[in-house]
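The structure under discussion appears below in the form of structure tokens.
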Amino acid sequence: MENMMSTVKWLAALALAALSASIHAEPLFLSTSISGAVTSTDNRIFELGYLQAGTPITVDFANEANFTFSAIDAGTLINQSMGEFTRFDVASGSHLAAFDRTPAWNNNPFNQIQLHDNVVNAAGEVVDGFELYLYGEMYGGYVRYSLVQRLEFSPDTFDGLDAWSVLALEHAALLGGTMEWTREASSWDGPDVRGALSADVTGFSIQFSGPGAEVPAVPEPGQYALLLAGLAGAAALRRRPGRPGRAVAFG
């Protein structure tokens, strides 16, 4: 009897492992390049030079994440596994700035990617949205900065949300977007100095690599049926001759 119980437990563990392997996404390395033109500025962002309306600006960003752990609620997927980005470069005119990544101890909730399925934009149109939120520091925390990028795509880009929805962006056509940048510098002898800029986005590209760039194969329904049939058969072996068997429920 004890051996039969061990067999059932082993088969149950096998079933759970198969289910887990079929839905578990591996780490995904993503690299984005977003370009546009400055629309307005408020004070100076020193690392980017003297910006004015019309100045071209490009932001390159790279990060390793695992979208398996994303939260999906009400048509929005939120991935917050971006405590440390691996590359964050900004080019504006003749200036190129490579910004420090967020310190490991600062797991800022604003460092995240959001995917929105079928939302209404400011023009009243239904679109799918991609948002990138970044927070970082420079010069030992003396300068703090944040960047928000909001991009719009056709409403059928994601077609529902799951751990691999972000992969659809590799071949998606950009409809438009904006980026907003703020820079805040602390001073020992005065108030904080704050700079900001806004830009319209006209170009976007994204590339994926790593195990998470391939959607894992999901077992066919027939495979699950066979697995469950094996469990039921093993459970049947537990019944002693001459005694009525108990009903088994699968939840």
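Under the 0.36 nm per residue contour assumption, what length would be gained going from the current alpha-carbon distance of N118 and A97 to full extension?
Details: separation 21, 0.36 × 21 = 7.56 nm, distance 3.50 nm.
Taking 0.36 nm per residue and subtracting the Cα distance, the gain is 4.1 nm.
Here the label points at T202 and E26, each 7 Å from Cα along the C-beta direction, are separated by 4.0 nm in the simple model. Here the extension length gained between T178 and M138 equals 12.0 nm, from 0.36 nm per residue of separation less the Cα-Cα distance.
FRET efficiency for the D42 to D156 pair, using the beta carbon distance and R₀ = 41 Å, is estimated at 0.65.
When all alpha-carbon pairs of segment 110-174 are counted, what percent fall beyond 13 Å?
So the pairs more than 13 Å apart make up 67 percent of the total in segment 110-174.
None of the figures in this text is laboratory data; all of them are computed from the coordinates on show. The structure presented is a predicted model; accordingly, all values stated were derived computationally and were not measured. Cβ: placed from backbone, ideal geometry, glycine included. Neighbour counts: every protein chain shown.
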